[in-house]
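Reviewing the structure listed below.
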Amino acid sequence: MTVADPAAAAAANGDYTDNVYSGKVDHRAQVCAILEKEDCIPRHVIDTEVEWFYNVLGLDDMYFMLENPAAVAGHITALYGAQLSSINKANPVNITFDNRYEGGAVFVHNSVPGISKTDGPHFEKMIDAEYLDVSVPQKAYRLESYRSRGKVSKSLDASLRTYFVSACDF
């Protein structure tokens with residue numbers, strides 16, 4: 001996990017320093033190999049789907065740092081399936097991931113920026129109840145939340161919200 005030239009990144013992003021994952025290229029190659037082996041996505045579109053997921057969607061590199069290649073491959077497959085499923089339906093693509101592990105969790109869902117919805121996964125409330133509200137110095141958690149820079153699909157004007165919960169090590 002590395003951050004390349006934090007001062008330059010902060011200046012370009014209004015004092016926000018992007019996370020930069022130095023192992024992202026290798027991570028991506030592992031994901032491609034898993035997808036080819038699983039054979040759920042046609043081989044001729046794997047590179048396009050992976051390219052979109054890693055570089056166009058605009059997920060923060062923290063996601064790739066925390067998720068193992070098998071989990072990312074599963075998320076790409078699920079997104080591909082959701083896009084296929086929505087082709088002949090009036091319903092838009094709906095994406096929800098919930099991955100909990102010892103020491104933290106990753107939650108992802110699609111949402112339209114600036115629009116509050118009463119239905120949906122309610123990750124914020126669940127994160128508060130299960131991680132943040134019960135934190136004590138011996139078992140405290142940190143939350144990072146991001147919105148992807150790209151859109152979920154050509155037909156849906158929504159981006160992905162990601163929440164990364166990790167145990168603190170004081």
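The values are calculated or read from the model by the stated rules, or taken from the named source; none is laboratory data. Computed from a prediction, not measured in an experiment: that's the story for all the values here. Side chains included, ligands, DNA and RNA excluded: accessible areas come from the protein's heavy atoms. Shrake-Rupley method; radii C 1.70, N 1.55, O 1.52, S 1.80 Å.
Things worth noting here:
- Backbone HN-Hα couplings from phi across region 33-41 [Karplus 6.51/-1.76/1.60, Hz, Gly and Pro as x]: 4, 5, 5, 5, 5, 5, 6, 8, 10
- Taking only Cα atoms of region 33-170, radius of gyration then Dmax in Å: 16.0, 51
- Region 40-170 - accessible surface per residue (Å², probe 1.4 Å): 56
- Rounded accessible area of Thr48 (nearest 10 Å², 1.4 Å probe): 90
- Rounded percent of accessible protein surface that carbon and sulfur make up, region 34-170, 1.4 Å probe: 51
- Working note: Karplus 6.51/-1.76/1.60 with θ = phi - 60° gives region 132-141 the couplings 7, 5, 9, 5, 9, x, 6, 8, 9, 10 Hz, where Gly and Pro are set to x.
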